[in-house]
Protein chains: 2
Amino acid sequence: MSAVPDDDLPQDLESRVIDDHHQAIKLWLRMLACTTRIESVVRNRLRSEFATTLPRFDLLAQLEREPEGLTMGELSQRLMVTGGNVTGVTDQLEAEGLVKRTPRANDRRAFTVQLTPAGKRQFRRMAAVHEQWVIELFAGWNADEKTQVYAMLAGLKKHLGGVDMAPPRRSKPKKETA
Amino acid sequence: MSAVPDDDLPQDLESRVIDDHHQAIKLWLRMLACTTRIESVVRNRLRSEFATTLPRFDLLAQLEREPEGLTMGELSQRLMVTGGNVTGVTDQLEAEGLVKRTPRANDRRAFTVQLTPAGKRQFRRMAAVHEQWVIELFAGWNADEKTQVYAMLAGLKKHLGGVDMAPPRRSKPKKETA
DNA sequence: TATTGTTATACTCTATAACTATA
DNA sequence: TATAGTTATAGAGTATAACAATA
């Protein structure tokens, strides 16, 4: 049926490739298949092993590296989600005793959010296991391959930083905000 | 603040790296940052340019490469989502006139789902633009780099096929299902 | 008036499970 | 009894917008 039998797993998103030889698309679909799979394994394991989610884990990770704490706004920026979401996740973590909000002396609108001692312990426990998972998931690559891809991704990431959400003009450029 | 200034974008998920030198974790976070960014650009543009979503686009793509059509169950497998979701997406696309369900002669429980002529036209229009986006997003890599990563990802993907959702036993192996 | 954070709401995406109609 | 598909429901994850308190 398909003119391109490809080489491995047939029944996943990568098979979205039509019958073409378009390098970028094929690369993208394969890369997406890998990250989707890894992310899904991590999410599942975080849920079954620690009854938590990736956004919660990420929030704790941000706090772990800032012992001084962060404001809600700073968390929102770093996690790249809107403020309402940070409020919700923080509420949950605070109810579980893993983080605490402390009013700021100089600006009574803002809080400092920090890990509690229990939060620190819990996060470190999770982070250690999480790292083993990632090591396991990337065992398909040896150290050299990992280093190589890591270096290449730096270039891609830098490029992506300059790409706009809005598509580039395909028809008349129309004076470009004149 | 952070002992590892890293090299580029400071305020995103990659900054989830703590101050360690753990190769696999650093690689994973950088890879995730890239794919998240690309996926988010694609989702946004699909919405703003074509008022559609990635799952809808993916379903159309599956049908486009199978002119004979697919059953709901086959779509479910290929898109790696449960049946109820396929029903929902198919309902929407059918309402928009892009796909059609045809009862099967031999098994009256099942349908053949196919693109309508309008669906074919619409998908091809979207696919062409989508490919340009992906080319633009991967312009940070030259042809050699793309080829190299594509090849390496094959190995990673193959490895991931053998990784279980459940974490490997970390304590007593306990007879391993005897 | 602008900013910090919260609340309310809604939509996408996905899963599970009960259900219908065939087989 | 098993299978194909649907329906109903729930929950994660995210966004927008109106709002309160403070700056």
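No lab work stands behind these numbers, since they all come straight from the coordinates. None of the values given here were measured: they were computed from a predicted structure. When we count neighbours, we look across all protein chains shown, and the Cβ atoms used for this are built from the backbone with ideal geometry, even at glycine.
Report, in cubic angstrom per residue, the convex hull volume of the C-alpha atoms of region A:46-178.
Numbers: hull volume 26.3 nm³, N = 133.
Hull volume normalised by residue count: 198 Å³.
With a threshold of 23 Å on the Cα-Cα distance, the over-threshold entries among B:Lys26/B:Lys157; A:Lys26/B:Lys120; A:Lys26/A:Lys158; A:Lys120/A:Lys157; A:Lys100/A:Lys120 are A:Lys120/A:Lys157. Only one residue of B:Phe57, B:Ser40, B:Leu75 has its Cα farthest out toward the positive end of the dipole of region B:35-100, where Lys and Arg carry +1 and Asp and Glu -1 on Cβ, and that residue is B:Ser40. Summary for A:Lys158: label point 7 Å along Cα→Cβ; distances to the equivalent points in the other copies, ascending, 3.2 nm. Note that region B:144-158 has calculated 3J(HN,Hα) couplings of 5, 4, 4, 4, 5, 5, 4, 5, 5, 4, 4, x, 4, 4, 4 Hz, one per residue in order, obtained from phi through the Karplus relation 6.51 cos²θ - 1.76 cosθ + 1.60 (θ = phi - 60°); glycine and proline are x. The calculated FRET efficiency for the pair B:Ala105 and B:Arg125, based on their C-beta separation and a Förster distance of 35 Å, comes to about 0.60.
The alpha carbon centroids of region B:134-170 and region B:46-67 are separated by 23 Å. Closest approach of a chain A Cβ to the axis relating A and B (residue, whole Å): A:Thr35, 2. Sorted shortest first, the distances from the B:Glu68 label point to those of the same residue in the other copies are 6.5 nm; each point sits 7 Å from Cα along Cα-to-Cβ. Summary for B:Pro55: label point 7 Å along Cα→Cβ; distances to the equivalent points in the other copies, ascending, 1.7 nm. The label point for A:His159 and the one for B:Asn44, both projected 7 Å from the Cα toward the Cβ, are 1.8 nm apart.
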